[in-house]
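Below: one structure, written as structure tokens.
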Amino acid sequence: MIGVRTPKGDIWIQEAEWPQWVRSGRISPETWVHAGEASGHRWRRAADLELFWSEMDSKRDSTGDEIIYPSDILDEGEETRFANDDAENRKAASGSRKRKDGLDSQSGGAVIEPLPLPAPPLPEFLRTIFPKSGFSATEGLVLLNLLVAGLLIFLWKGDYIAELMNLSQRWRIGVAEGKYYYLVATIFMHAGANHLLYNMASLLAASAAVEYTFGRLNTVPAYLVTGLGGAVFSLVQKQSVFLSVGASGAIFGLAGMMIIFLVRFYRRLSARQKWKTRRIYIPLMVLFILPSLFNGDAWGHLGGLGAGLILGWFLPGAGYIRRHLQWVALEREKHPEL
């Protein structure tokens with residue numbers, strides 16, 4: 001992806017689109033571009049990048065025409081330079097004409113305000129959760145739950161529920177004898193098609209948020225820890241002859257991790273992000289959690305939620321999230337209104 005800074009904000013385009021953008025004149029020498037390794041992993045003027053001039057040369061070789069940029073015709077006879085930030089298009093009139101060879105021209109004494117430090121780019125949410133190659137942690141967890149369900153249906157067929165209850169009762173006795181690993185298996189088993197489908201839809205949402213916020217490597221351990229937290233709490237509180245099954249304890253735990261993340265870093269969010277947290281994220285989580293919290297195995301749900309709240313307090317966020325929050329903190333020191 002290549003970032004292009006515009007008056008209305010940063011736009012990220014595919015690398016295949018770059019030649020068309022340059023040749024159509026949408027990228028001028030003064031446009032600020034973030035092109036990964038080609039720009040040193042920072043924002044730089046297009047005039048300083050080889051990939052810009054290579055497309056310019058290709059354009060001239062094929063047509064023999066010079067590209068006319070919008071800035072060239074704003075004030076005929078004068079040079080106009082643009083330094084775009086996220087809020088507005090800053091224009092500085094210069095006393096010298098733009099050199100046609102594409103090299104930097106003299107500013108003629110004009111004062112160009114420096115650009116603010118650009119925010120570290122955050123990866124696209126969907127690309128993180130659904131990569132083009134390989135499996136994300138979220139996809140892996142959903143697939144594993146579906147595979148376990150498919151295997152048990154194949155083995156038990158029409159006796160699925162009866163066999164599941166019989167197995168759950170035997171495993172409850174096994175846990176009492178110290179075979180605690182049975183608890184791990186229960187967080188991948190479900191008590192029917194409706195139970196499975198509802199949990200997988202919820203897992204897809206909760207795990208995706210955690211994977212984006214805390215990183216891929218932390219997602220599966222978080223699922224296991226919160227799922228076991230719910231299983232253990234249910235075991236202690238229910239005093240039942242059966243072990244509870246299902247991924248719902250882990251799902252509530254993952255949701256709890258997101259809640260605690262917003263609490264931990266609320267003060268470090270920008271004013272806009274704080275507004276979204278209060279008006280969008282928290283209400284959505286309340287609507288997601290409360291209707292189901294006391295349905296089914298309430299003790300398992302509460303145990304998973306509690307484990308997620310604790311884990312989310314200590315688990316660090318993904319690297320790109322931490323870098324973004326550091327940038328917000330630095331910008332707030334310079335601009336307290338942010």
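The values are calculated or read from the model by the stated rules, or taken from the named source; none is laboratory data. Nothing here was measured: the structure is a model prediction, and the numbers come from that model. All Cβ positions, even for glycine, are placed from backbone atoms using ideal geometry, and neighbour counts span all protein chains on display. Side chains included, ligands, DNA and RNA excluded: accessible areas come from the protein's heavy atoms. Shrake-Rupley method; radii C 1.70, N 1.55, O 1.52, S 1.80 Å.
Structure notes:
- Answer residue from region 283-316, given it is without any contact (Cβ under 8 Å) to a residue 24 or more places away in the chain, assigned to a helix (DSSP H, G or I) and farther than 14 Å from Thr226 by Cβ and is nearest to the chain's Cα centre (by Cα) among those: Leu284
- Counting residues in region 230-238 that are closer than 29 Å to Arg127 by Cβ, crowded, with 16+ Cβ neighbours inside 10 Å, touching a residue at least 24 places away in the same chain (Cβ under 8 Å) and among the hydroxyl-bearing types (Ser, Thr, Tyr) gives zero.
- Counting the residues of region 263-282 that are in contact (Cβ under 8 Å) with a residue 24 or more places away in the chain and touching a Leu at 6+ places or on another chain (Cβ under 7 Å) gives 4.
- Matching entry among Ala247, Ala208, Ala222 (being open to solvent by less than 20 Å² (accessible area, probe 1.4 Å), in contact (Cβ under 8 Å) with a residue 60 or more places away in the chain and over 21 Å from the mean Cα position of the chain (by Cα)): Ala247
- Residues of region 259-276 satisfying the condition of being part of a helix (DSSP H, G or I) and either crowded, with 17+ Cβ neighbours inside 10 Å or in contact with a Ser or Thr (Cβ under 8 Å, 6 or more places away or on another chain) (or both): Ile259, Ile260, Phe261, Leu262, Tyr266, Gln273
- Tabulated pairs, region 125-140, first closer than 17 Å to Ala201 by Cβ, second polar (S, T, N, Q) and in a loop (DSSP other than H, G, I, E, B), C-beta under 7 angstrom, 6+ apart or interchain: Ile129/Ser136; Phe130/Ser136
- Taking region 277-304 as the range and being of a type in the set (A, V, I, L, M) and open to solvent by 30 Å² or more (accessible area, probe 1.4 Å) as the test, the residues that pass are Ile280, Ile282, Leu284, Met285, Val286, Leu287, Leu290, Leu302.
- In the set (1) assigned to a loop (DSSP other than H, G, I, E, B); (2) under 24 Å from Phe125 (Cβ atoms); (3) modelled with pLDDT of 80 or more, Ser28 fails one condition alone, (2).
- For beta carbons closer than 7 Å, sequence separation of 6+ or different chains, a first residue in region 3-17 that is more than 16 Å from Ser39 (Cα to Cα) and touching a residue at least 60 places away in the same chain (Cβ under 8 Å) and a second that is open to solvent by 10 Å² or more (accessible area, probe 1.4 Å) and part of a loop (DSSP other than H, G, I, E, B), the qualifying pairs are Pro7/Glu88; Gly9/Asp86.
- Residue in region 324-334 that is within 17 Å of the chain's Cα centre (by Cα), open to solvent by less than 20 Å² (accessible area, probe 1.4 Å) and modelled with pLDDT of 85 or more present: no
- Extreme residue, nearest to Ala206 (Cα to Cα), among residues of region 221-258 that are assigned to a loop (DSSP other than H, G, I, E, B) and not β-branched (Val, Ile, Thr): Ala247
- Every residue from region 1-31 that is within 24 Å of the chain's Cα centre (by Cα) and either among the charged types (D, E, K, R) or open to solvent by 60 Å² or more (accessible area, probe 1.4 Å) (or both): Met1, Arg5, Lys8, Asp10, Ile11, Trp12, Gln14, Glu15, Ala16, Glu17
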